[in-house]
Number of protein chains: 2
Amino acid sequence: MAKKRVTLAQVAHAAGVSQTAASYALAGRAAEMRISPEVEARVRRAARDAGYRPNAVSRSLRTGSSQTVGFISDTVATTAFAGHLIWGALDQARERDHLLLIAETEGDPQLERELMTAMLDRGVDGLIIASMYTRAIAVPPVLMEAPAVLLNAFPVGDEMICSVVPDEREAGCVVARTLLASGHADGICLIGASPRGEGPQGSLASVQRLEGILSVLHAARIDVAGAVGCADWQPAQGLEATRRLLAEVTPSALICFNDRLAFGAYQALADAGLEVPDDVSVISFDDDPLASWIRPSLTTVALPHYELGAAAVQVLMDQLEGRPQESAERLVRRITMPLRVRESVRGLAHDSAGDAAARGAGKLVGAAPARAHTTVQ
Amino acid sequence: MAKKRVTLAQVAHAAGVSQTAASYALAGRAAEMRISPEVEARVRRAARDAGYRPNAVSRSLRTGSSQTVGFISDTVATTAFAGHLIWGALDQARERDHLLLIAETEGDPQLERELMTAMLDRGVDGLIIASMYTRAIAVPPVLMEAPAVLLNAFPVGDEMICSVVPDEREAGCVVARTLLASGHADGICLIGASPRGEGPQGSLASVQRLEGILSVLHAARIDVAGAVGCADWQPAQGLEATRRLLAEVTPSALICFNDRLAFGAYQALADAGLEVPDDVSVISFDDDPLASWIRPSLTTVALPHYELGAAAVQVLMDQLEGRPQESAERLVRRITMPLRVRESVRGLAHDSAGDAAARGAGKLVGAAPARAHTTVQ
DNA sequence: GTGCCCTGCTGAATCGGATCAGCAAGGGAA
DNA sequence: TTCCCTTGCTGATCCGATTCAGCAGGGCAC
């Protein structure tokens, strides 16, 4: 039924030359290897006529490169809106003629090691180890067999391994600056983490966002008017935390540590009869699809998943191509988190062209085109 | 730095036997090939001591099987909540010691063909072609080189190729039956598609859900009290469609064709001063994470993404292991869409243990454990 | 004429494991 | 003693590319 695949030997035979000559001709090394133009043309024609496609497995065995990159995540691959990480990686890999082997550890270190070895055994050129939320990762020794890049994670020790992470601290700064620019000063409150260190355990994002926020406020000689930390950042916690906050102070602006918290905060504010943004501005982090669905739409600093994934592949490929990390400085690549201006902050000019346009424009400067929002189910 | 990998030849040498003997010993074919237990033990020990790991590339070249499956989707891999498709496929593949090569076509048929050949060239054992929404797919001839399964799609012609799809029609029946069981009869309205055929173009889900709904209502001698079709199924369209509906009739129950439409419908109902579920019941399809976040939480028939992905791999593996599709009947595998009972339908006992429990229970019968909802960002 | 270089190719090894065919040694039957 | 069968292993080939080393034959210089 399925006719056997054509091999290089058959092409060579058809062209009446040796396999070696055929190989050089097709590899574009004809001049270098002194294959005459006539022979080269004959080989190319024979290959085309026979529908020859080189066997990548065989090539891998000989060359040691499989044109394949491994992507191992803890939970990110299947997480609601962070699949864009993979999307970016996929696109960037394809651009360089690589495919992606993908797997998930579900947080199991044993499984993580097994998957790494399974991929290395299959000859991947490099590995990307991705984490759902920014954290420190213990790098197993087996990872040293091939180039590797940590995505959304740092090495626990001081291993010489590259990291690609969102610039959470800068995002915190942007959020604070945005509120200041829109005229807020007193009455700025935090939902999700507090200066007393309350927040989700082990979440670097929490710490760094807070750092950024406080540094800007501090420079402007402003104190937060209130803050409620949450162990988990879901809508229910946002609702509860905002209720508790409202019992004590009347905020003028809420910085929610992610969009799901903000979603809960919206409900608490509505319950209290407060209007967004007229009574209270709300700004948050992540740019969950949710953020553009709720009303008023949520101004938020986006986690640039697409760019993160793409950058990880880029950094990895650069390593593969022999550009080693120049210095310790270059070991960490921080990706800017872009502000999405919408309706939830008082006095900010909302991009009137709407979200689609905002994202479309984003694409021009390297961001992800909007897709998840335009598909039909 | 990275010490060279240990090869079978080295293991054989260390054990003082031929490479052939070592190969048979490690392959578990010692008895069959009359390798003595002592030699077998010696080889195994040598392999363990040396940290031997077989080179999968080499094995692939010889055996023709790479223990790898290709997963090509149009947009599903990176779509918000349908990454669970991949999750199911990943889990099922790992269970059978396979890894997944993943790629996206972004709907480009040219790219689709390129990716298929790229994967086939890399020796994948089989391919899964997944679609974001259930539709017909033109199967390119190159796909015939290896076993393949369509996920969420049908072949355009009558190719002998397996399909795995959600049972949309039955889901429509379940939705209708659920409303009837909770006492609704007159005043049932549709948002998203209408009996006049209005709905998103090319969406089989739309047609089949409608079919199921109408068949049950028809059997109960009930007509829909109103229906508004939408070309796109986003919150904005749900809002708009529901407004138009409310201008004409006062519904007792709304069947929304997906959760995002329902989200928009909630807003329209709230604007009209109608309470869910006391004034109007709402039921819908998909079980978007959104459905459990909004208040009142949404009763919906879930798209079983995890199960779909897992089933696709299962069907593919069965084919690989030589269980060919027995009959045309077996070419299509329909996966049940489970009802998630929540608060939005009047008079239905809501599972008081909440969503986590509902999903946890689901896992016991093979559904996906809840994860996206419990991660921290 | 002979040594040397240049052109234009080919032979054979290699990557690492799977597997078929075969071979030596030993035992039992005729 | 001869023949055959079983046991327990090994040699050699194969998978399909890449690539190094080498080899004819022609031209040119001295």
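The values are calculated or read from the model by the stated rules, or taken from the named source; none is laboratory data. For clarity, every value in this text was computed on a predicted model and none was experimentally measured. A quick note on method: Cβ atoms are made from the backbone with ideal geometry, for glycine too, and the neighbour counts reach across all protein chains shown. Heavy atoms of the whole protein, side chains included, go into the accessibility calculation; ligands, DNA and RNA do not. Shrake-Rupley method; radii C 1.70, N 1.55, O 1.52, S 1.80 Å.
Per DSSP H run of n ≥ 4, the term is -39500 (n - 2.57); total these for the protein assembly as shown, divide by its residue number, and report the mean residue ellipticity at 222 nm rounded to 500 deg cm²/dmol. Before the final figure, lay out the partial values.
Working: 26 runs with 302 residues, N = 754.
Dividing the helical sum by the residues of the protein assembly as shown leaves -12500 deg cm²/dmol.
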Legend entry - Exposure of B:Ser58 as accessible area (Å², to 10), given a probe of 1.4 Å and all protein chains: 50
Inset, instruction - Taking 7 Å along the Cα-to-C-beta vector as the label spot, tell me the A:Ala236-B:Arg45 distance in nanometres, rounded to one decimal. - result: 5.7
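Which of rounded, prolate or oblate describes region B:8-54 when judged by the alpha-carbon gyration tensor and an a/c cut-off of 1.5? Let's see the in-between values first.
Working: a/c = 1.66, a/b = 1.60, b/c = 1.04.
Verdict is prolate for region B:8-54.
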Inset, instruction - Using a 1.4 Å probe and ignoring any ligands, DNA or RNA, find the accessible area of A:Leu180 and quote it in Å² to the nearest 10. - result: 50
Legend entry - Shape metrics for region B:240-310, restricted to C-alpha atoms - Rg then Dmax, Å: 12.8, 44
Legend entry - Teacher prompt: B:Ser18 distances to equivalent labels in other copies, 7 Å Cα→Cβ, nm: 3.1
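Apply the a/c threshold of 1.5 to the C-alpha gyration tensor of chain A and tell me whether it is rounded, prolate or oblate.
The shape class here is prolate.
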Inset, instruction - Select from region A:203-285 those trypsin sites (Lys or Arg not before Pro) which occupy a DSSP coil region and have at most 11 other Cβ atoms within 10 Å, ordered by residue number. - result: A:Arg221
Inset, instruction - Put a label point 7 Å from Cα along the Cβ direction on B:Ala270, then list its distances to the equivalent points in the other copies in nm, shortest first. - result: 0.1
Inset, instruction - Would you mind computing, in nm to one decimal, how far apart the modelled labels at B:Gln110 and A:Asp158 are, each placed 7 Å from Cα along Cα→Cβ? - result: 5.1
Inset, instruction - Give the relative contact order (percent, whole number) for chain B; include only Cα pairs under 8 Å separated by 6+ residues. - result: 15
Inset, instruction - Between the label point of A:Ala247 and that of the same position in each other copy, find the distances and list them shortest first in nm, with every label point placed 7 Å from Cα along the Cα-to-C-beta direction. - result: 4.6
Inset, instruction - Compute the distance in nm between two label points, each set 7 Å from the Cα along the Cα-to-Cβ direction, one at B:Glu321 and one at B:Asp223. - result: 5.4
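Over region B:8-54, what is the relative contact order in whole percent, taking alpha-carbon pairs under 8 Å and six or more residues apart? Could you put the intermediate results ahead of the total?
Values: 45 pairs, mean separation 19.4, N = 47.
About 41 percent, as a whole number.
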Inset, instruction - Scan chain B and report its longest stretch carrying no GluC sites (Glu not before Pro) that are both in a DSSP loop and have at most 12 other Cβ atoms within 10 Å. - result: B:33-247
Inset, instruction - Please report how far the C-alpha centroid of region B:144-218 lies from that of region B:248-299, rounded to the nearest whole angstrom. - result: 20
Inset, instruction - Taking chain B as the reference, fit the longest principal axis to its C-alpha atoms, fit the long axis of helix B:204-219 to the helix C-alpha atoms, and give the angle between the two in degrees, 0 to 90, nearest 10. - result: 50
Inset, instruction - Let me know the shape class of region B:67-167, please: from the alpha-carbon gyration tensor, a ≥ b ≥ c as square roots of the eigenvalues, rounded when a/c is under 1.5, otherwise prolate if a/b is greater than b/c, or oblate. - result: rounded
